[in-house]
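Data first, discussion second: the structure below is written as structure tokens.
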Amino acid sequence: MIKLFITGCNGQLGREINKKYAGRDDIELINTDVAELDITNVDAVVKMIEEVKPYAIINCAAHTAVDKCEDDVDNAYKINAIGPRNLSIAANKVGAKMVHISTDYVFEGNGTKPYTEFDETNPQGMYGRTKLEGEKFVEKFADKYFIIRTAWLYGDGKNFVKTMLRLSETNDEVRVVGDQIGSPTSTAVLADIIDNLIWTDNYGLFHGTCEGVCSWADFTEEIFRLAGKTTKVNHITTAEYPTPAKRPAYSVLDNYMLKITTGYVAADWKDAIAVYMKELLENN
Ligand SMILES: NC(=O)c1ccc[n+]([C@@H]2O[C@H](COP(=O)([O-])OP(=O)(O)OC[C@H]3O[C@@H](n4cnc5c(N)ncnc54)[C@H](OP(=O)(O)O)[C@@H]3O)[C@@H](O)[C@H]2O)c1
């Protein structure tokens, strides 16, 4: 039996990993969220990992509230940096592989072409800074690691898609930022990327997003089109929608390492959102 140890199992990605491996009788998932294992507690992490001795740890836990991280700095460092450090230390004790998820927010976000894994990082807010320190800890403490930077993630949980659909219930028009460009990525595509790496020795830092680019406003239009909504999307500027934490204007990631080491090409964002919406509408 192959044991996969999941942290943050109640989050969007944690649930997707469960869905992906459901029904596989060769895989045992050990699911934990903060109630079962607080990843910031090194002793508890090492104890549990030494007991379970997993094949791999998939760290789906994070402090993902980007704006809140600006004020909740200690917790952001604890969850986004110390947590992955603790898991990496534990992974090495039992020879497990370590899968860690990072973010496009590690970049400055004012580029003009997709960022590769070889481009300079320069995070602009606490979320990105703490996630970057998490990457460094994983690189330092885990021998067999996959760090996968993703972006604009949506799946089973609270996310942008559901917020827009909710707003469309009570509004004829919505105002959405049209000058931030990125690649919406479903947890299903990210889980597929993880699955493509986890059974290999192809270790290192990877970008893992859907192909293609759009703005948040374009993304919203596609969501409404797929849902058959007539709600109008007004494209506004970032300046018209101020947030406590600065958002990257251009945070497109090139899955360069995946492409050159495995030839893997991720689904286009439009195909991924179509798959997601179909399932969402069928289940409602
Ligand atoms: N969402 C995005 O748009 C996005 C974009 C780029 C990268 N990412 C990265 O992708 C990964 C998965 O994101 P996601 O959207 O699936 O996150 P999510 O839905 O916010 O799930 C994170 C989970 O981690 C749990 N958690 C928080 N602190 C913990 C602790 N100390 N110990 C154990 N578990 C803890 C959370 O519990 P509580 O809810 O109780 O806090 C939650 O269940 C993260 O690494 C994130 O940084 C996400």
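The values are calculated or read from the model by the stated rules, or taken from the named source; none is laboratory data. The shown structure was predicted, so the numbers you read here are calculated from the model rather than taken from an experiment. When we count neighbours, we look across all protein chains shown, and the Cβ atoms used for this are built from the backbone with ideal geometry, even at glycine.
Identify all residues within the range 131-153 that are over 16 Å from VAL42 (Cβ atoms) and of a type in the set (Gly, Ala, Ser); write none if there are none. Spell out how you get there, then give the answer.
Step one: filter the range 131-153 for residues over 16 Å from VAL42 (Cβ atoms), giving 131-132, 135-136, 139, 143-153.
Of everything in the range 131-153, just one residue is over 16 Å from VAL42 (Cβ atoms) and of a type in the set (Gly, Ala, Ser), namely ALA151.
Please tell me if VAL106 is over 22 Å from ASN18 (Cα atoms), at pLDDT 95 or above and in contact with a Leu (Cβ under 6 Å, 6 or more places away or on another chain).
It is true that VAL106 is over 22 Å from ASN18 (Cα atoms), at pLDDT 95 or above and in contact with a Leu (Cβ under 6 Å, 6 or more places away or on another chain).
Within the group LYS47, LYS53, LYS93, which residue is of a type in the set (D, E, K, R) and within 15 Å of the ligand (Cβ to nearest atom)?
Working: LYS53 fails: within 15 Å of the ligand (Cβ to nearest atom); LYS93 fails: within 15 Å of the ligand (Cβ to nearest atom).
Step by step, each of LYS47, LYS53, LYS93 is checked, and only LYS47 is of a type in the set (D, E, K, R) and within 15 Å of the ligand (Cβ to nearest atom).
Scanning the range 61-76 for residues that are over 16 Å from GLU133 (Cα atoms) and part of a helix (DSSP H, G or I), which turns out farthest from the ligand (Cβ to nearest atom)?
ASP67
In the range 96-114, which residue that is surrounded by 24 or more Cβ atoms within 10 Å (Cβ to Cβ) and either more than 12 Å from the ligand (Cβ to nearest atom) or farther than 26 Å from PRO244 by Cβ (or both) is farthest from the chain's Cα centre (by Cα)?
ALA96
Could you please find all residues in the range 253-284 being under 20 Å from the mean Cα position of the chain (by Cα) and basic (Lys, Arg)?
LYS259, LYS270, listed by residue number.
From ILE58, ILE39, ILE79, ILE17, which residue is within 11 Å of the ligand (Cβ to nearest atom), buried (at least 20 other Cβ atoms within 10 Å of the Cβ) and part of a loop (DSSP other than H, G, I, E, B)? Steps first, please.
Details: ILE58 fails: part of a loop (DSSP other than H, G, I, E, B); ILE79 fails: part of a loop (DSSP other than H, G, I, E, B); ILE17 fails: part of a loop (DSSP other than H, G, I, E, B).
Answer to the selection: ILE39.
Hey, among THR112, THR163, which residue is hydroxyl-bearing (Ser, Thr, Tyr) and farther than 22 Å from LEU281 by Cβ? Walk me through how you get there before you give the answer.
On the way: THR163 fails: farther than 22 Å from LEU281 by Cβ.
Testing whether each residue is hydroxyl-bearing (Ser, Thr, Tyr) and farther than 22 Å from LEU281 by Cβ leaves just THR112.
In the set GLU133, GLU221, GLU139, GLU211, which member is without any contact (Cβ under 8 Å) to a residue 24 or more places away in the chain and out of contact with any Pro (no Cβ under 7 Å at 6 or more places or on another chain)?
On the way: GLU133 fails: without any contact (Cβ under 8 Å) to a residue 24 or more places away in the chain; GLU139 fails: without any contact (Cβ under 8 Å) to a residue 24 or more places away in the chain; GLU211 fails: without any contact (Cβ under 8 Å) to a residue 24 or more places away in the chain.
Step by step, each of GLU133, GLU221, GLU139, GLU211 is checked, and only GLU221 is without any contact (Cβ under 8 Å) to a residue 24 or more places away in the chain and out of contact with any Pro (no Cβ under 7 Å at 6 or more places or on another chain).
Taking PRO184 and the conditions (1) within 17 Å of the chain's Cα centre (by Cα); (2) within 15 Å of the ligand (Cβ to nearest atom); (3) surrounded by fewer than 21 Cβ atoms within 10 Å (Cβ to Cβ), which numbered condition does it fall short on, given that it satisfies the others?
(3)
On the given criteria, is PRO84 in contact (Cβ under 8 Å) with a residue 24 or more places away in the chain, assigned to a loop (DSSP other than H, G, I, E, B) and farther than 18 Å from TYR154 by Cα? Explain how you work it out, then say what you get.
Details: in contact (Cβ under 8 Å) with a residue 24 or more places away in the chain: yes; assigned to a loop (DSSP other than H, G, I, E, B): no; farther than 18 Å from TYR154 by Cα: yes.
The answer is no for PRO84.
What's the total number of residues in the range 217-245 that are under 20 Å from the mean Cα position of the chain (by Cα) and within 27 Å of LYS19 (Cα to Cα)? Spell out the reasoning first.
We begin by selecting, within the range 217-245, every residue under 20 Å from the mean Cα position of the chain (by Cα); these are 219-220, 223, 245.
The next check asks that each one be within 27 Å of LYS19 (Cα to Cα); those that pass are 219-220, 223.
So the answer is 3.
State the number of residues belonging to the range 264-274 that are touching a helix residue (DSSP H, G or I) at 6+ places or on another chain (Cβ under 7 Å) and in a helix (DSSP H, G or I).
Within the range 264-274, the subset touching a helix residue (DSSP H, G or I) at 6+ places or on another chain (Cβ under 7 Å) is 264-267, 270, 272-274.
Still in the running and in a helix (DSSP H, G or I): 270, 272-274.
Of the residues in that region, 4 qualify.
Pairs needed: first member in the range 110-126, at pLDDT below 95; second member anywhere, surrounded by 13 or more Cβ atoms within 10 Å (Cβ to Cβ) and in a strand (DSSP E or B); C-beta distance under 6 Å; at least 6 residues apart or different chains.
Pairs that qualify, where the first residue is at pLDDT below 95 and the partner is surrounded by 13 or more Cβ atoms within 10 Å (Cβ to Cβ) and in a strand (DSSP E or B), are GLY111/TYR250.
Inspect all residues belonging to the range 51-68 and state whether any of them is closer than 27 Å to ASP201 by Cα, modelled with pLDDT of 95 or more and of a type in the set (Ser, Thr, Tyr). If you could, list the steps in order and put the result at the bottom.
Just the residues of the range 51-68 that are closer than 27 Å to ASP201 by Cα, to begin with: 51-62.
If we keep only those that are modelled with pLDDT of 95 or more as well, we get 51-62.
When the remaining residues are screened for being of a type in the set (Ser, Thr, Tyr), the result is 55.
Yes; the residues of the range 51-68 include at least one that is closer than 27 Å to ASP201 by Cα, modelled with pLDDT of 95 or more and of a type in the set (Ser, Thr, Tyr).
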